[in-house]
Each structure stands twice: as C-alpha cells, then as structure tokens.
Amino acid sequence: MHRAGEGESLFGGRIVLKATFDELCITESDFRTARPGADPHYHERHADSFYVLEGEMAILVHDEEVLVGAGGCVCAPPGVVHGFRTTTAARFLNFHTPDGGFADNLRARDRGEEGGFDSIDADPGSGLPPEDVVALQPGEGEALPGETLFPTIKVGRDELSIVEFRLETGFTGPEPHVHDDHIDSFYVLEGETEFVAGDDVLILGAGSFIAAPPGVRHTFRAGGRRSRVLNIHAPSRGFHDWLRARD
C-alpha cells in the first residue's frame, strides 16, 4: 500500500514504482515540464499502457501521435510501435503487463547502468498494425450501468483490465474475497475509498495505491462521499467480461 507520493522513488522522484510484481509493474511519473519520454519502440511479450492524471501527453501509436489529457488512456499491445512525450507539465501512470523486466531496467538506469528489458527500438509505422490499440480521450470508454457503482472499462485484454469506478455513497462493495491467479489493485483518483486488505481496514485518499496479490483477502467500499478509483486486474482473467455480464 502506498499513500499519495509514496513508493520506490527513482530519478530524483520523477518516477515512482507503485507495483513491482511479475504480472504487473506500475509507475507514477511526474514530469515538471514538457519533455521527451520514450523513443519509438515495441515490446514482444507485454502490453504497455498509460493513464494521464494531470497535464497532457503526446503518445505515438504506430505512425500517429495522439494528444491525451487528464483522464485519457492508451494501451499499446505487444508488437505495436509506440512512444511518448509530455507537452505540458504532466503526471501519469504507466502499466507494463507483465513486467517484462521493466522495473529492474528502471532501477539499473537510476544507478547509471545500461539496463535492458523486453523493448526493441523501431521506426514509426513499423511493427504490427494498430487494430487492437486503445486510445481514449478523457471521459471515453465502455460505460456500464450501475446503482452505487458505475464502471467504465478503459482496457480489457488478457494481460490486464483497467476499469474506472465511480463510487456513490452507499456502495458497500463485494464480500471480502481472494483471487488465486491474478493481482487486484486500485489507484484512488478522487475522494476517499475504504479498503480491506487482510486484517487491515484503510481509508485511502486521492493518489493512494493498494494491491492485493493472489491469496490476500480484500474488498473495497465507498467512503463518506463520491469517489473515483482505477481498478487494475493483471492478468484480467475475464474480469472485464464479468462486469459486462453482471445483472
């Protein structure tokens, strides 16, 4: 569990590791100015996804650069060329699913070493065609009906699901449960949300992150007012399809 600003800080705090599992690496980056991020490349064995928290990013997808503001989301599947830069001061989440050596690569580079992971430099327009790419502007996604829980599916792939939940007061959450084959994690976007993790009950505010690895009992509930959270399942194990089929 990490409250706002917490995690494994790298590059003087510009990048913070939030989750470092084999199945899931999450970083939170804070770029204080417009600046380059990553040159065009692709991954052979993992998906690379972004969720913009503040500011604006320009994300290359295949051969086209897409401008994405706060609340926007982009997912580049394996084999699809992508890269990114910020056009303003920006804060964003980056998800590598599975990790593909990304966390250790960042740690090595932070120490001044060469590093290396599942990443191949490539020219824009090369690689696989972008049919399965997700490129959503703020507010976009597959919105599903609800009463006190309102899900919007941002990414639904085998490697991961990213779902934005709006929680209204009165949402009591699912019964405490465990998963035996995937990680269930949450990033609080707005307001406060109550989480149960093992024997702990935590009230977490915006910027906080919590993960339940396989075998850890967990659930979540609305806090005292409306909140929004990102829910990340890695791998998805059909979670996004389950959401579509419920009720």
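The values are calculated or read from the model by the stated rules, or taken from the named source; none is laboratory data. Note that the structure is predicted; figures quoted are calculated from it, not measured. Note that we place each Cβ from the backbone using ideal geometry, even for glycine, and neighbour counts take in every protein chain shown.
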Query raised in the report: Would you pick out the residues in the stretch 54-67 that are surrounded by fewer than 20 Cβ atoms within 10 Å (Cβ to Cβ) and part of a strand (DSSP E or B)?
Result: GLU54, GLU56, ALA58, GLU64, GLU65, VAL66, LEU67
Report task. Take the stretch 46-70 and flag every residue that is in contact with a Gly (Cβ under 6 Å, 6 or more places away or on another chain) and either among the charged types (D, E, K, R) or under 18 Å from GLU164 (Cβ atoms) (or both). Result -> VAL52, GLU56, ASP63
Query raised in the report: When both residues are 6+ apart or on different chains and their Cβ atoms are under 8 Å apart, which pairs have a first residue that lies in the stretch 12-28 and is in the same structural domain as GLY101 (by TED's automatic domain parsing) and without any contact (Cβ under 8 Å) to a residue 24 or more places away in the chain, and a second that is hydroxyl-bearing (Ser, Thr, Tyr) and part of a strand (DSSP E or B)?
Result: ARG14/SER29; VAL16/SER9; VAL16/THR27; VAL16/SER29
Requested in this report: Out of GLY170, GLY224, GLY198, report the one residue that is outside the structural domain of THR27 (by TED's automatic domain parsing), modelled with pLDDT under 95, under 19 Å from GLU6 (Cβ atoms) and among the small types (Gly, Ala, Ser).
Outcome: GLY198
Report summary line: Looking across the stretch 20-48 at residues that are in a loop (DSSP other than H, G, I, E, B) and of a type in the set (Lys, Arg), the single one that is farthest from ASP123 (Cα to Cα) is ARG32
Report task. Could you please find all residues in the stretch 209-247 being of a type in the set (A, V, I, L, M), more than 17 Å from VAL196 (Cα to Cα), in contact (Cβ under 8 Å) with a residue 12 or more places away in the chain and not in a strand (DSSP E or B)? Result -> LEU243
Requested in this report: Return yes or no: is GLY205 within 17 Å of LEU53 (Cβ to Cβ) and surrounded by fewer than 21 Cβ atoms within 10 Å (Cβ to Cβ)?
Outcome: yes
Requested in this report: Run down PRO151, PRO174, PRO124, PRO145 and say which single residue is buried (at least 19 other Cβ atoms within 10 Å of the Cβ), in contact (Cβ under 8 Å) with a residue 40 or more places away in the chain and either over 13 Å from the mean Cα position of the chain (by Cα) or assigned to a loop (DSSP other than H, G, I, E, B) (or both).
Outcome: PRO151
